[in-house]
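Heads up: the structure comes next, in structure tokens.
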Amino acid sequence: QVQLVESGGGLVQAGGPLRLSCAASGRTFSSYAMGWFRQAPGKEREFVAAISWTGGSTDYADSVKVRFTISRDNAKNTVYLQMNSLKPEDTAVYYCAAGGPEYYSAIYYRDVGRYDYWGQGTQVTVSS
């Protein structure tokens with residue numbers, strides 16, 4: 001029903017920037033809250049950032065706050081994750097997810113259970 005495709009991952013040196021994109025298709029993109037999660041080798045899936053369906057509320061994990069920015073362009077059916085000052089600890093597969101718009105505040109979308117659809121993931125590798 002909803003397909004999500006991440007792009008923009010790759011190899012970047014520590015301290016550098018990288019922007020991830022997640023293109024959605026199928027249902028009305030503006031009807032979904034969107035989130036980014038990541039999973040490093042040997043670690044559990046970790047919440048990164050979320051944005052409400054209106055775009056008026058955002059939330060970030062403490063580890064990426066200030067350095068990362070989530071945004072969305074409903075006209076383009078796309079959500080972005082701008083990553084700056086990257087660290088080797090940011091190395092992981094990054095996943096885009098879409099959830100129901102039941103809540104205005106993005107803090108509710110830290111919960112993986114809020115999401116109905118997931119992308120295939122894109123690898124981000126940060127070298128020291």
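Worth a mention:
- Here the stretch 64-128 is treated as an ellipsoid with the same Cα gyration tensor; its semi-axes, largest first and in whole Å, are 23, 13, 13.
- Residue-wise HN-Hα coupling along the stretch 95-109, computed from phi with Karplus coefficients 6.51, -1.76, 1.60 (Hz; x: Gly, Pro): 10, 9, 9, 10, x, x, x, 5, 10, 7, 6, 5, 5, 5, 8
- Positive-end ranking of Ala61, Pro88, Gly100 along the dipole of the stretch 47-128, with charges on Cβ about the Cα centre, is headed by Pro88.
- Largest to smallest accessible area among Asp59, Asp73 [probe 1.4 Å]: Asp73, Asp59
- Whole-number D in µm² s⁻¹ for the chain, Kirkwood Cα-pair radius fed into Stokes-Einstein, 10 °C, 1.306 mPa s: 111
- Computed extension length for Trp118-Ser31: 29.8 nm, one decimal, from 0.36 nm per residue of separation with the Cα-Cα distance subtracted.
- 10 Å Cβ shell holding at most 15 others, DSSP loop, GluC sites (Glu not before Pro): longest site-free stretch of the chain: 45-101
- Close amide-amide hydrogen proximity is noted between Ser57 and Ser52, each under 5 Å apart and 5 or more residues distant or on a separate chain (H modeled in the peptide plane; Pro and chain starts excluded).
- Part-to-part distance (alpha-carbon centres) for the stretch 19-33 and the stretch 107-128, which is given in Å: 13
- With every protein chain in place, the chain: carbon and sulfur % of accessible area (1.4 Å): 48
- Using the Cβ-Cβ distance between Tyr103 and Ser128 with R0 = 35 Å, the FRET efficiency computed as 1/(1 + (r/R0)^6) comes to roughly 0.35.
- Cross-link partners of Lys43 among lysines, defined as those whose alpha carbon lies under 19 angstrom from its own and excluding same-chain residues fewer than eight positions apart: Lys87.
- About the centre of its Cα atoms, the stretch 42-107 shows a dipole size close to 180 debye [charges on the beta carbon of Lys, Arg (+1) and Asp, Glu (-1) only; nearest 20 debye].
- Residue-normalised accessible area of the stretch 1-114, expressed per residue, 1.4 Å probe, Å²: 50
- Listed residues Val5, Gly15, Phe29: farthest to the positive end of the dipole of the chain (Cβ charges): Gly15
- Charges were assigned to the Cβ only: +1 to each Lys and Arg, -1 to each Asp and Glu. The resulting dipole of the chain about its Cα centre is roughly 200 debye.
The values are calculated or read from the model by the stated rules, or taken from the named source; none is laboratory data. The model shown is predicted, which means the values in this text are computed figures rather than measured ones. We place every Cβ from the backbone using ideal geometry, glycine too, and count neighbours over all the protein chains shown. These accessible areas exclude ligands, DNA and RNA; they are computed on the full protein's heavy atoms, side chains included. Shrake-Rupley method; radii C 1.70, N 1.55, O 1.52, S 1.80 Å.
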